[in-house]
Every structure is written in structure tokens, then in C-alpha cells.
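Accompanying notes for the structure given below.
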Amino acid sequence: MGLTERVRRLRHRAELLAAILVLLSIPVLWSLFHQTDPAAVRPVARPVTQARVLPQAPAAAQTPLDGTVEADREKPRAGGCDDPKILVDRAHALPADYAPDDLVSLPGLGVPILGQDALLRREAAGNLERLVASAAAAGEELTVASAYRSYTDQRASYARLVSIYGKGADKTSAPPGHSQHQLGTAVDFTNAAVGYQVRRSFGRTGTAQWLTLHAHEYGFVMAYPLGGETKTGYGWEPWHYRYVGTDNARRIRESKLGLQGFLLREGVLPRC
Ligand SMILES: [Zn+2]
């Protein structure tokens, strides 16, 4: 074999080797090229992420948002107008057809009243009976001047006051639907010291002081305190008490929020 032939063969081998190397490098280059392409990576990665994330993500998103929290948020509101924490004020009204279904007669429980009859919801009436008895034992007379008033009663009473005072009627009376008396848990007190009238001088009696100290023990709170007009929309009504239950009454007293502030924070809007 001549030198030329040997060189030719060597070149042929080198070409073969180069061709083999090129062929071998194609898959490597292919994979290198495609790994840098995000579009090529995603189809590989997606099934993995989907398999891990998808079954958990909707569950994690739905449980707090669409399940527990929303349901809990709606629950107290679903309690409707019978809830002791219902917010009824200048801005929040009861429907015309709302009337509590557990009203009982106060004279039947031995609670002194003005007029023929006065009604209050059963639990409130029972606690009022104990409150009045406890006040009497302390030498303080309490007579109920007004208790439950239906929407129709309130409409008539409000119309009468408007015919006398015009717009000034709003200072002492609520338009129909906006009165706590429609709840069947509010009472107006009076006694002999104020001539059995409903008037502010009641606030200066020993009986009013006794109420300030003890009404909460029976679940009652003064709804329209002195100096609270900007919050409640009503001037001072030392005679008007509302039953909210002993636990709520104690919390209102301790928080110093007043009934209106307490109900704005955690009350129930009328949806009944
Ligand atoms: Zn009242």
C-alpha cells in the first residue's frame, strides 16, 4: 500500500468517524435545544403539576370562600328578626308583616302596666317580671307604659305625633318599621314619681338610677342614652329599655359601646 492510498484510507476513516460523531450528537443537540424552549418544557411539566395541584387547589379555595365562611356569615342573619341582636334603627327597618310569635301578656305575670294590656316576648317578659320584682324589693316602683307595638300601631302612633309636631315627631318617635317596640322586646317605664307619664324627668328618679345599676342583670339595656343622639338618632330616653339577653347586656356594659355600637359591630340585619 502506497502512501497516497494510506492517506486516502485514513481520511475516509476520519470522515466516517466524523459522520458517526455528527449522528451521535443529533439527539444531544436536539435535547439541549428543546430544553431551553419553555414551550417544550411545559407539556412535560404540566401533567406533574396538574396531578399534584389540581385536586387540592379547588378544595383549598372553596372551603373557606364558598363553604365555611360564607355559610357562617349568613347563618346569624338567617336568624331573622327574632334574634336578640337584630339591628333596628333609623337606617334599618323591620318588614311591615313581622310580628313575634311568642308574645305573652305582662299583667298575667304580675307586671304593673298602664292601660288594658301589654305584650312582650316570652323570655323578655319573664326577665322583666324578675326585674320589676327586684326593683320593688329595693323600694323602686316600675310600671310599664308601653311594650310591644305592631307595625300598624306604630304607624298610627307616628302619624298622630306627626300631625301634632310635624317633622319634630322624629325626635321622639320612629316611623313604622323602625321602632324597637315592634320587636316585642322593648319597654317604656314610668312610675308615680313622674305622674305615670313618659318623660325625661324619670331619668332623675332613684328608680332610673336603680335601672342603670341593675337592668343588665336581667338582660335589659337603655337603648338611647344621654349624649348618644349622634350615634342612635334619638335623644336621651331614660325610660326606654330593650331586652337583649343577660350575656349580651353584660358585654354591652363591659365594652362601653352602647347598644347601638354593639349592634353595629356584631348585630343582625333585619332580613325576615
Ligand atoms: Zn320606647
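Tabulated values for the structure
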read-out	value
Where D153 falls short, out of the listed (1) assigned to a loop (DSSP other than H, G, I, E, B); (2) within 16 Å of the ligand (Cβ to nearest atom); (3) out of contact with any strand residue (DSSP E or B) (no Cβ under 8 Å at 6 or more places or on another chain)	(1)
Selection within the stretch 227-257 - more than 16 Å from the ligand (Cβ to nearest atom), under 26 Å from L119 (Cα atoms) and not in a helix (DSSP H, G or I)	G245
Residues being of a type in the set (G, A, S) and either within 14 Å of the ligand (Cβ to nearest atom) or in contact with a Cys (Cβ under 9 Å, 6 or more places away or on another chain) (or both) - total across the stretch 171-207	6
Counted residues, the stretch 116-132 - those being more than 34 Å from the chain's Cα centre (by Cα) and among the aliphatic types (A, V, I, L, M)	0
Any hit, the stretch 153-160, residues being farther than 20 Å from R121 by Cβ and of a type in the set (D, E)	no
Breaking point among (1) out of contact with any strand residue (DSSP E or B) (no Cβ under 8 Å at 6 or more places or on another chain); (2) away from the ligand (no atom under 15 Å from the Cβ); (3) of a type in the set (G, A, S), for A125	(1)
Test: residue in the stretch 100-109 that is in contact (Cβ under 8 Å) with a residue 60 or more places away in the chain, in the same structural domain as A145 (by TED's automatic domain parsing) and closer than 15 Å to D153 by Cα	yes
Count of residues meeting criterion [in contact (Cβ under 8 Å) with a residue 40 or more places away in the chain and outside any loop (DSSP other than H, G, I, E, B)] in the stretch 263-272	4
Residue match in the stretch 195-216 (condition: surrounded by fewer than 17 Cβ atoms within 10 Å (Cβ to Cβ), in contact with a Lys or Arg (Cβ under 9 Å, 6 or more places away or on another chain) and modelled with pLDDT of 95 or more)	no
Failed item, numbered, when Q260 is tested on (1) closer than 23 Å to A125 by Cα; (2) within 13 Å of the ligand (Cβ to nearest atom)	(2)
Tally, over the stretch 179-190, of residues that are touching a residue at least 40 places away in the same chain (Cβ under 8 Å), of a type outside the set (S, T, Y) and out of contact with any Leu (no Cβ under 6 Å at 6 or more places or on another chain)	5
Meets criteria (within 16 Å of the ligand (Cβ to nearest atom), assigned to a loop (DSSP other than H, G, I, E, B), aromatic (F, W, Y) and more than 25 Å from E140 (Cα to Cα)) for Y224	no
Residue check for R253: basic (K, R), over 22 Å from A133 (Cβ atoms) and modelled with pLDDT of 95 or more	no
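The values are calculated or read from the model by the stated rules, or taken from the named source; none is laboratory data. Fair warning: this is a prediction, and the values are worked out from it, not measured in the lab. Virtual Cβ from ideal backbone geometry, glycine too; neighbours counted across all protein chains shown.
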